[in-house]
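A short write-up of the structure that comes next.
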Amino acid sequence: LTCDFDRFLKDPKIPKLAKDLINNKAKNPSDNEPLDYFDKLKSKDIEEREFYFRAITNSYRIADGAYSEGLGYTAKEFIQNYPKDFTSFFDNKSCFTDSDLEIWANILVLEFAIDSDGEYDKPIIDQFINKLKSNCKECSSTQKETINKFGLTLNQKWKEYVKSMN
């Protein structure tokens with residue numbers, strides 16, 4: 001991947017945990033610090049947004065119980081309320097790939113598992129994707145394509161999850 005994060009990795013003001021997440025050296029986050037990085041996704045600086053988006057994406061690999069609950073909830077709120085911002089990360093194909101999109105689908109499955117309350121036949125995924133589409137009227141065609149791809153991936157991950165629960 002060609003994301004140039006050197007500027008942030010060398011900046012002493014950037015949190016150590018964020019740098020460790022970027023370098024895949026972080027251990028279990030003992031607190032919910034990575035959830036604070038969602039605020040950085042609204043930065044005016046595109047590279048800063050991408051840096052923190054990568055840190056959050058990478059945090060999924062080490063998410064434990066308490067943190068993963070917060071991650072699922074915060075990710076769902078962010079994607080639902082800012083679908084254009086979310087999909088715009090994937091416009092940078094050299095930095096964010098389909099496997100990253102898959103990680104975000106996995107993150108949302110965590111939240112939908114809680115939301116569904118054990119009633120897995122509800123059309124929660126379709127309702128969510130329809131909401132994204134209606135919140136993404138200003139999106140470019142590639143961003144709309146990302147939402148469609150995200151919807152397919154999310155549906156697939158959800159079916160796998162439901163199957164594992166039966």
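The values are calculated or read from the model by the stated rules, or taken from the named source; none is laboratory data. Please read these numbers as outputs of a predicted model, since none were measured by experiment. Heads up, the Cβs are rebuilt from the backbone with ideal geometry, glycines too, and the neighbour counts pull from every protein chain shown. Each accessible area value is taken on the protein alone, full model and side chains, heavy atoms only, with ligands, DNA and RNA left out. Shrake-Rupley method; radii C 1.70, N 1.55, O 1.52, S 1.80 Å.
Quick rundown of the values:
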item	result
Per-residue ³J(HN,Hα) for segment 4-11, Karplus 6.51 cos²θ - 1.76 cosθ + 1.60, θ = phi - 60°, Hz, x for Gly and Pro	9, 10, 3, 3, 7, 5, 8, 7
Carbon + sulfur, % of accessible area of segment 56-163 - ligands and nucleic acids excluded, 1.4 Å	48
Per residue accessible area of the chain, 1.4 Å probe, in Å²	54
Cα gyration tensor category, rounded, prolate or oblate, for segment 1-80 with a/c compared to 1.5	oblate
Reference-scaled alpha-carbon Rg (2.2 N^0.38 Å with N residues) for segment 26-166	1.01
Net charge of Cβ neighbours under 14 Å - reference residue 141; Lys, Arg +1; Asp, Glu -1	+2
Entries of 44/144; 93/122; 40/163 with Cα pairs more than 26 Å apart	93/122; 40/163
Heavy-atom SASA rank of 61, 49 (probe 1.4 Å, accessible area, largest first)	61, 49
3J(HN,Hα) from dihedral phi, segment 79-93, Karplus parametrisation 6.51/-1.76/1.60, rounded to Hz, x for glycine, proline	5, 5, 8, 9, x, 5, 4, 4, 5, 5, 4, 7, 5, 8, 5
Cα gyration tensor shape of segment 67-135, rounded if a/c is under 1.5, else prolate or oblate by comparing a/b with b/c	prolate
Over 25 Å between alpha carbons, listed pairs 19/131; 133/157; 133/159	19/131
Mean Cβ neighbour count within 10 Å, used as a protection proxy, ranking 82-91, 135-144, 33-42, 6-15 highest first	82-91, 33-42, 135-144, 6-15
Interchain or long-range residues, amide H under 5 Å from residue 32's placed H	none
Reachable lysines from residue 137, criterion Cα separation under 20 angstrom, eight or more residues apart if same chain	42, 76, 84, 149
From phi via Karplus (6.51, -1.76, 1.60), per-residue ³J(HN,Hα) for segment 143-150 in Hz, x at Gly/Pro	5, 5, 5, 4, 5, 4, 5, 4
Fluctuation leader among 151, 72, 118 - the chain, Gaussian network, Cα springs under 10 angstrom	118
